[in-house]
Amino acid sequence: MDMRFDMAQNAAPPARTRPCQSCDSCEVRDRAICADLSDADREALGRIGRRVAVPAGQTVMWEGDDSTVVANVIEGTLKLSTSTGDGREQIVGVVYESDFIGRPFGARTPHSVTALTDARLCLFPRGAFDGFAMGHGELQHRLLQRTLDDLDRTRGWMLLLGRKSAREKVATFLLDMGRRLPVDRDGVIDLPLSRQQVADILGITIETVSRQLTEMKRAGTIDLIGRRGVRLVDRQALEALAEAG
């Protein structure tokens, strides 16, 4: 589904948006891009934004469009994707709650952003956010830190894609999911990606993903529950598999 937000042009907000509530009640206030702001500055930033409910499957930013909005992820998981020369989609990243999406101080959106699960965003007009950030060094510092962290993750991903075996790739992916996604009371992670999407991200086939998961389950390293549920039974063994090379 197409859902282009154009708050920067003073367009009426979509029906599933509402003004940001008090930042005191925000679930990610201590981890989001605004975490280092004073209470007063955080509230001032909140007045610029809107809370947006995004259903799974909806695209909120499109590759190549004008960069008109940025957002904090309050809840949910979203994918970053780009189109290849022959029109295929390539997933280039996954973002989780407390992550920041969009391109501040930039003219174009570098990739599409689509909800993998139902999500909630704190959405800001990019121009207003840029102006606010220019007057708040702590927010600029946080943006820089996020940029450097993203660069480190990108370098790590290059290593994963270029040097690791299929088993190491799947193990690394599961550990990353275990660090970033919520776990239910039974210790189960509900993966937001299909096995085909996991295969696309890791640069292997869906058959290889399925085979590696089955072998890890047989070894007692993980347990598979339903279509997408995974329990990391032995994290130490999984870490050993991830670094086997």
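The values are calculated or read from the model by the stated rules, or taken from the named source; none is laboratory data. Since this is a predicted model, take the numbers as computed values, not measurements. We place every Cβ from the backbone using ideal geometry, glycine too, and count neighbours over all the protein chains shown.
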(request) Look through 43, 27, 63 and report the one residue that is at pLDDT 90 or above and of a type in the set (D, E, K, R). (result) 63
(message) For the range 155-221, give me every one of the helices (runs of 4 or more DSSP H) that falls completely inside it and has 2 or more residues that are touching a strand residue (DSSP E or B) at 6+ places or on another chain (Cβ under 7 Å) and of a type in the set (Lys, Arg).
(response) none
(request) Return the residue satisfying two criteria in turn: it lies in the range 194-217 and is hydrophobic (A, V, I, L, M, F, W, C) and under 18 Å from residue 156 (Cβ atoms), and of such residues it is surrounded by the fewest Cβ atoms within 10 Å (Cβ to Cβ). (result) 204
(request) Six or more apart or on different chains, Cβ under 8 Å: which pairs go from a residue in the range 99-122 that's closer than 12 Å to residue 61 by Cα and touching a residue at least 12 places away in the same chain (Cβ under 8 Å) to one that's of a type in the set (A, V, I, L, M) and assigned to a loop (DSSP other than H, G, I, E, B)? Could you list them? (result) 115/56
(request) Would you mind stating whether residue 198 is outside the structural domain of residue 89 (by TED's automatic domain parsing) and over 30 Å from residue 53 (Cβ atoms)? (result) no
(message) I need a count of the residues in the range 116-154 that are out of contact with any Lys or Arg (no Cβ under 9 Å at 6 or more places or on another chain) and farther than 18 Å from residue 50 by Cβ.
(response) 22
(request) Working only within the range 205-237, note down all residues that are over 19 Å from residue 184 (Cβ atoms) and basic (Lys, Arg). (result) 211, 218
(request) Give the number of residues within the range 73-101 that are among the polar types (S, T, N, Q) and within 10 Å of the chain's Cα centre (by Cα). (result) 2
(message) Just the residues that are over 21 Å from residue 141 (Cα atoms) and of a type in the set (A, V, I, L, M, F, W, C), please, taken from the range 95-127.
(response) 113, 115, 116, 119, 121
(request) Those residues that are basic (Lys, Arg) and not in a strand (DSSP E or B), I need them from the range 53-107; list them, please. (result) 88, 103
(request) For residue 176, work out the one condition from (1) at pLDDT below 90; (2) in the same structural domain as residue 217 (by TED's automatic domain parsing); (3) more than 18 Å from residue 221 (Cα to Cα) it doesn't fulfil. (result) (3)
(message) If I filter the range 77-86 down to residues being surrounded by fewer than 17 Cβ atoms within 10 Å (Cβ to Cβ) and in contact (Cβ under 8 Å) with a residue 12 or more places away in the chain, which single residue comes out as nearest to residue 178 (Cα to Cα)?
(response) 82
(message) exposed (fewer than 13 other Cβ atoms within 10 Å of the Cβ) and either closer than 28 Å to residue 32 by Cα or not aliphatic (A, V, I, L, M) (or both): is that true of residue 220 in this structure?
(response) yes
(request) Out of 152, 184, report the one residue that is outside the structural domain of residue 33 (by TED's automatic domain parsing) and either exposed (fewer than 15 other Cβ atoms within 10 Å of the Cβ) or farther than 21 Å from residue 96 by Cβ (or both). (result) 184
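Residues are listed down the side, and each one gets a yes or a no for (1) buried (at least 21 other Cβ atoms within 10 Å of the Cβ); (2) assigned by TED's automatic domain parsing to the domain that holds residue 203; (3) under 21 Å from residue 190 (Cβ atoms):
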| site | (1), (2), (3) |
| --- | --- |
| 48 | no, no, no |
| 54 | yes, no, yes |
| 66 | no, no, no |
| 69 | yes, no, no |
| 75 | no, no, yes |
| 93 | no, no, yes |
| 122 | yes, no, no |
